[in-house]
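One structure is given here, and the rest of the page talks about it.
The values are calculated or read from the model by the stated rules, or taken from the named source; none is laboratory data. Computed from a predicted model, the values in this text were never measured in an experiment. All Cβ positions, glycine included, derive from the backbone under ideal geometry; neighbour counts span all protein chains shown.
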Amino acid sequence: MVDELKSHQQNGTWELVDPPEGRKVVGCRWVYKLKRNAAGEITKYKARLVAQGYSQKYGVDYDEVFAPVTSHTTLRVLLAVASKRRMTLKHFDVKTAYLYGDLDEEIFMRQPPGFAVKGREGMVCRLKKSIYGLKQSARCWNQRLHSVLVEMGFEQSATDPCLYTKVVSGKRVYLLVYVDDIMIDCEDEAQIDSVYEQLKRYFEVTNLGEPSDFLGLKIECKDRKYSVSVGGYIDRVADRFGLREAKKAKTPMEEGFASSEDKSPKLSDDNEYRSLVGALLYISVCARPDVAASVAILGRKVSSPTEADWVAAKRVVRYLKATKEWKLSYGDAGGQLVGYSDADWAGDAGTRKSTTGFVFNYAGGAVSWVSRRQSCVTLSSMESEYVALSEASQELIWLRSLLADMGEQVEGPVTVMEDNQSCIQFVKSDRKSRRSKHIEVKQHFVKQLCEDGSMKLQYCPTEDMVADVLTKPVGSTKLQKLARMMGMSS
């Protein structure tokens, strides 16, 4: 708490003034937090002075509040590019980052509880800088950091506003921002040191060395090839739900689970189920595409889960415990961007809607994946595959743009693997039939991309269709094979 107050004093966050007449004074409180690394180990005990921003009024105390946040996909693409180019990564941390933001509004706050200045207890703080808890603090800090990075010669990505790049002596420097955490990578370590020294002129920055965890991911490096995993988080989830010693499972879900009718009783208390599914969703989004389909199926039941759903959710944890050492690895210097698109047909027993599954690999590992129920009911397996291709093609455009911002030009069309011959023929043909004339215009985006040379469809046998694992639960042998094709291994 004393260190936190010293940071405010050094930063000049506020000045004491008499309470203003007719103006609302925002309260504040102390918040205590344990900071953990990716392995779940406590690395720091933190006390943060937080303004009670819930009492602020729009148009009076704040206007715009939006601040961009990077995605796990961008982080994985960055690690894939770094592995491909054998680049060095470093992790910077900005201490009390929000205190560097400049406020446009005049805001008054009560003095910190337990630390009111003796003899001036009746006075309040007029904020000169942003502070944690205010609705606009994240935006203020982001704008301040952006202005500094632009001044340093960095260019903001149009695809992900949290990614910055610049070229120095023919070598690219990448900088990825997540609130107060900054990941920087470059082939020349001297350039990383130069950026660090420049940032120190503006902020109190700590160089944490090679990143061991970022965005909740454990990052490992071997010969400048990077891998990500979430083993520590899996252990914490297993402990929380009493599954540390539970019997391990070979697959996350029984085959046919989603298509079978569930007649088991409703759960009397669904809060634990929702919490567990939320934790599993985080794991699948971070680094475990092999459980994405199972988690998506469980997620559809959060409003009314049954006892069978609860057993199925715990089975996913038992599978994750058995495979917690699995990593998603990058490093294939020749590995180009390639996609796999697939769909089941009417696999949801309740709605008869199909499930889209697609994955894009780069530098030998999966960088983007989706398992998502389609918004419409399709009338054939060809149509469900076509809808899935439409969704995959949108992600393809975004990934091409992101790689271009990093200087990784994707030459020629991106190959997307498809295991449905009828779907491939439909994309190539201009002919309309009675069974396909109803398909929505937006799905025909696929045809346009193939015609303009952005995307190329290639037939893939079903046994080698990586995205199959994203459409439905599969058996153990197939699951392990497809996981390896996504760059996963222990």
> With respect to Gly40, is the statement that it is farther than 25 Å from Asn142 by Cβ, touching a residue at least 60 places away in the same chain (Cβ under 8 Å) and not in a helix (DSSP H, G or I) true?
Replying inline: yes
> Mind checking which residues of region 154-188 are farther than 15 Å from Glu408 by Cβ, at pLDDT below 95 and assigned to a strand (DSSP E or B)?
Replying inline: Val168
>> Give me the residue from region 46-100 that is among the small types (Gly, Ala, Ser) and outside any helix (DSSP H, G or I) and, out of that set, modelled with the lowest pLDDT.
In response: Gly59
>> Can you find a residue that is under 19 Å from Thr74 (Cα atoms), in the same structural domain as Gln52 (by TED's automatic domain parsing) and not hydroxyl-bearing (Ser, Thr, Tyr) anywhere in region 132-143?
In response: yes
>> Can you say whether Leu337 is in contact (Cβ under 8 Å) with a residue 40 or more places away in the chain and in contact with a Pro (Cβ under 8 Å, 6 or more places away or on another chain), as far as the supplied structure shows?
In response: no
> If a residue has to be at pLDDT 95 or above and not in a loop (DSSP other than H, G, I, E, B) to count, how many in region 408-422 make the cut?
Replying inline: 6
> Are there any pairs with C-beta distances below 6 angstrom linking a residue in region 1-14 that is in a helix (DSSP H, G or I) to a residue that is of a type in the set (Gly, Ala, Ser), with the two at least 6 apart or on different chains, and if so which?
Replying inline: Glu4/Ala47
> Are any residues in region 205-243 free of Cβ contacts under 8 Å to residues at least 40 places away in the same chain and within 17 Å of the chain's Cα centre (by Cα), and if so, which ones?
Replying inline: none
>> Could you check region 312-337 and list, in sequence order, the residues that are farther than 17 Å from Arg240 by Cβ, out of contact with any strand residue (DSSP E or B) (no Cβ under 7 Å at 6 or more places or on another chain) and not in a loop (DSSP other than H, G, I, E, B)?
In response: Ala312, Ala322
> Within region 225-243, can you find the residues that are surrounded by fewer than 23 Cβ atoms within 10 Å (Cβ to Cβ) and either in contact with a strand residue (DSSP E or B) (Cβ under 7 Å, 6 or more places away or on another chain) or outside any helix (DSSP H, G or I) (or both)?
Replying inline: Lys225, Gly231, Gly232, Phe241, Gly242, Leu243
> So, of the residues in region 391-407 that are of a type in the set (A, V, I, L, M) and assigned to a helix (DSSP H, G or I), which turns out to be farthest from Glu155 (Cα to Cα)?
Replying inline: Ala392
>> Only one of Gly331, Gly339, Gly335 is modelled with pLDDT under 95, of a type outside the set (S, T, N, Q) and crowded, with 21+ Cβ neighbours inside 10 Å. Can you tell me which?
In response: Gly331
> Inside region 115-136, can you point out the residues that are out of contact with any Cys (no Cβ under 8 Å at 6 or more places or on another chain), without any contact (Cβ under 8 Å) to a residue 40 or more places away in the chain and either of a type in the set (Gly, Ala, Ser) or surrounded by 16 or more Cβ atoms within 10 Å (Cβ to Cβ) (or both)?
Replying inline: Ala116, Gly119
> Taking the condition within 24 Å of Val285 (Cα to Cα), outside any helix (DSSP H, G or I) and modelled with pLDDT of 95 or more, does Trp369 pass?
Replying inline: yes
> Within region 189-204, restricting attention to residues that are in contact (Cβ under 8 Å) with a residue 60 or more places away in the chain and in a loop (DSSP other than H, G, I, E, B), which residue is nearest to Lys95 (Cα to Cα)?
Replying inline: Glu204
> Taking the condition surrounded by fewer than 18 Cβ atoms within 10 Å (Cβ to Cβ) and without any contact (Cβ under 8 Å) to a residue 40 or more places away in the chain, does Ser260 pass?
Replying inline: no
